[in-house]
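Let me begin by presenting the structure, written as C-alpha cells, before commenting on it.
None of the figures in this text is laboratory data; all of them are computed from the coordinates on show. Just so it is clear, the structure is predicted and the values come from calculations on it, not from any experiment. Heads up, the Cβs are rebuilt from the backbone with ideal geometry, glycines too, and the neighbour counts pull from every protein chain shown.
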Amino acid sequence: MLGRVNINLDLKKLILFLAISVTVITFLNGFYSSYQVQKQQLQSQTLKNHNAYAAKLVSATDRFLLAAQQQLAYSAKILAIQFNDANTLAQEAQRLRLQTDSFNSTVVVDKNGVVLAHSPLSLKLKGQLLESDGAKQALANKKPMISEPYISAVGNLVIVISHPIFNSQGEYLGYIGGTLYLKQKGILHDLLQVHFHKDGSYIYVIDKNRRLLYHPDVARIGEQVFGNTVIEAVLRGESGTRQLINSQNIVMLAGYAPLKSASWGIVTQRPLDATFAPLDDLMMNVLYRTLPVGLATFIFIWVLARLISKPLRQLAETAKTLDNPSTSQQLKQVRSWYYESSELRLAMLKGVGLLQNQIGLLQHEAQTDPLTGLHNRRSLELMLDQLTLQQTPFTVLAIDIDFFKRVNDEFGHDIGDIVLQSLATIIVDVTRENDFVARTGGEEFIVILPNINAKSAYQLAERLRMRVSETIIEPVGSINISIGISGWPLMQLSVEEILKQADQALYKAKKTGRNRCIIDSQFIQSDDSQFIQSELVEQE
Ligand SMILES: Nc1nc2c(ncn2[C@@H]2O[C@H](COP(=O)(O)OP(=O)(O)OP(=O)(O)O)[C@@H](O)[C@H]2O)c(=O)[nH]1
C-alpha cells in the first residue's frame, strides 16, 4: 500500500517561491552591479577631477610666480639706475608690497647682504645683515630665484622670490626680494584655500625637499613628508592620479601635477569614504523608490499565483472524493481558465462519470440477488442499519418454502429456481413499494415492513401465504410457505436478536405443521393494538 505523504508544499507556494526568488535575485544582482559600476565611475571621475584641479592650481600658481618674478624684474631695472637713492629704494619696496599684494614683505639688499630698504617698515631690518639661507642663496646665485623655505630674520617661515640688480656696466649691486609668509595669510593661501572643500577634499603644495609649503593644517606647513608615493611621483615631474593611504592611514583618491616655475608639486585629494558616501545615500534612495514597485510586484505575483493555482487546487481537492456522487457537480463549478486545468477538468469529469457508473453497477450487483433480482443479505443489513439509525419501527417477516427439497428432487434444480423467482414476484406484488424484500438464503426470504403494527403485519403475512398457496406455478403446481413474524423495537433487543426471534417463530410454524404464520409471543405482547393471534399462540 502506498502511504499517504503529508506534503505542505502546494502549487501556489511554489509559484510564489519561484517568482519571488527570481525577482529578488534579479533585483539584488541589478542593485549590486549598478552599485559597483557607479562606485567605479565615481572613483575614476573623482580621480580625474582631482587631477584636473591639480593642473588648474598648478597653472594659477605658475602664473602667479611668473607675474611676481616679472614685477621684481621690473623693479630691479628701476633700482639699477637709482640704487644709491635711499628714498627710491624705500618707495619701490613699499610700492611693490602694497600695489600688487603679491608679497607679505619686500626687501632691497646690497651685494653684501645688508638691507637697504624694506616694507613694511615695522620689520626694522634696515642696515641689518641678512644671514638667512634665502638671502645667502640669492647673493650667491645672482639670478632670479625662488628660495627654499627658511625661518626669516623676524622668525617667520618664508620663501623669498628674488631678482638680482645689475647696473648698466653689468656690475652686481644686490637684489630685490619679495617674501611669502607660508604660515600666514597671503597670496599663496588666497590661491589655494578656495579649493579646501568641506567634503574632505584638500590640497597641499610640496617642494623638492618634500617639505609642505601649503597645507590646510597650518601646523604641518614646513613639515617634511617621506614615503608618500604621490609626492615621489609629482617630484619626478609626473602628473596623474593615484589611490593611496595617507599619513593618517586614510585611503585617499589623489590628483597631482608639478609646477613649471618652481620645483614644487601640487596634490589635491579626497578620502575614499567621503567619495562613496553620496553613493550610499543614492543607493538607499534607489532602494526606497524601488520598494513601492517591489511591493506592487509582490502583490501582483501573489494574486497571479492564487489565480493559477486555484483551479488545480480545486481539482486536487475534488480528486480526494471521486466516489462521491456530488463530485461531478463540484468539477463543473471549477473555473478552469487555462489550457492545462481545463483539459484536466474534462478528463476528471469523464473519469468520474465512468467511475460512478462502475460503482453504481458494482453496488447494484453487490446488493442484489442475481436469481430473483431482490435485495440480498448485504443490502438487508444496510437497510436495517438505516432504519435503526432513523429509529423507524419495523416488522420482520421470515419466509421459507415448505418442502422445497421435494420440488428440486422431483422437477430438478432449474424448476426450483423458477419457483423461487415466482415466489419473489408474488412477495413483491403483495408488499408495498416502501417495504423491503430480500432473499437471504436458498429458499429463505426476509420482508421488512416499516411503520406497521403486529396486527397489520400478520394480516399481510396471511394474505401473502394464501396468495402463494393459491398460485399455480407450472409445472410444479402450488407451493406453501411458512412465515415467522417479529418486530423492532422490542425490549432493548438488537436487530440481530429480532431477526433470530423471527427465525424462531418461523421454526415454530414449520414444527407446528407448516403453511402458517406465527408471531413471536414477545412481539405480540409489546403491540398496543390489543391484537392477539390466539390460534398461533396456542400452537406453541
Ligand atoms: N432450485 C434451487 N434450490 C435451492 C436453492 N437454494 C437452496 N435450494 C434447495 O432448497 C432446499 C431446502 O431444503 P430444506 O432445507 O431441507 O428444506 P425444505 O425441503 O424446504 O423443508 P422445510 O423447510 O422443512 O419445509 C434444498 O434442497 C436446497 O438444495 C436455489 O437457489 N435453487
Among all residue pairs at least 6 apart or on different chains, which show Cβ distances below 8 Å where the first residue, located in region 96-110, is farther than 18 Å from Q70 by Cβ and the second is among the aromatic types (F, W, Y)? N104/Y181; S105/Y181; V109/Y175
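Out of E462, E410, which single residue is within 12 Å of the ligand (Cβ to nearest atom) and assigned to a helix (DSSP H, G or I)?
Numbers: E462 fails: within 12 Å of the ligand (Cβ to nearest atom).
Only one candidate qualifies: E410.
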Spans of strands (runs of 3 or more DSSP E) in region 105-206 with at least 3 residues out of contact with any helix residue (DSSP H, G or I) (no Cβ under 6 Å at 6 or more places or on another chain): 105-110, 157-166, 172-181
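Out of L282, L354, L287, L291, report the one residue that is out of contact with any Leu (no Cβ under 6 Å at 6 or more places or on another chain), under 30 Å from V251 (Cβ atoms) and surrounded by fewer than 14 Cβ atoms within 10 Å (Cβ to Cβ). Give the derivation first.
Values: L282 fails: surrounded by fewer than 14 Cβ atoms within 10 Å (Cβ to Cβ); L354 fails: under 30 Å from V251 (Cβ atoms); L291 fails: under 30 Å from V251 (Cβ atoms).
Only one candidate qualifies: L287.
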List pairs: first residue in region 253-269 and in contact (Cβ under 8 Å) with a residue 60 or more places away in the chain, second residue assigned to a loop (DSSP other than H, G, I, E, B) and acidic (D, E) anywhere in the structure, Cβ distance under 8 angstrom, at least six positions apart or on different chains. Y256/E238; P258/E238
Hey, could you check region 359-407 for residues that are assigned to a strand (DSSP E or B) and within 16 Å of the ligand (Cβ to nearest atom) and say which is surrounded by the most Cβ atoms within 10 Å (Cβ to Cβ)? L397
Within region 431-459, how many residues are away from the ligand (no atom under 14 Å from the Cβ), over 23 Å from Q386 (Cβ atoms) and out of contact with any strand residue (DSSP E or B) (no Cβ under 8 Å at 6 or more places or on another chain)? 2
Of residues in region 59-102 being closer than 19 Å to G127 by Cβ and of a type in the set (A, V, I, L, M), the one surrounded by the fewest Cβ atoms within 10 Å (Cβ to Cβ): A86
Within region 416-435, identify whether any single residue is charged (D, E, K, R), surrounded by 16 or more Cβ atoms within 10 Å (Cβ to Cβ) and farther than 19 Å from W488 by Cα, and answer yes or no. no
Name the one entry in I418, I426, I446, I479 that is under 25 Å from V407 (Cβ atoms) and part of a loop (DSSP other than H, G, I, E, B). I479
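Would you check if T471 is of a type in the set (S, T, N, Q) and within 16 Å of the ligand (Cβ to nearest atom)? Give the steps one after another, and end with the answer.
Working: of a type in the set (S, T, N, Q): yes; within 16 Å of the ligand (Cβ to nearest atom): no.
Criteria not met by T471.
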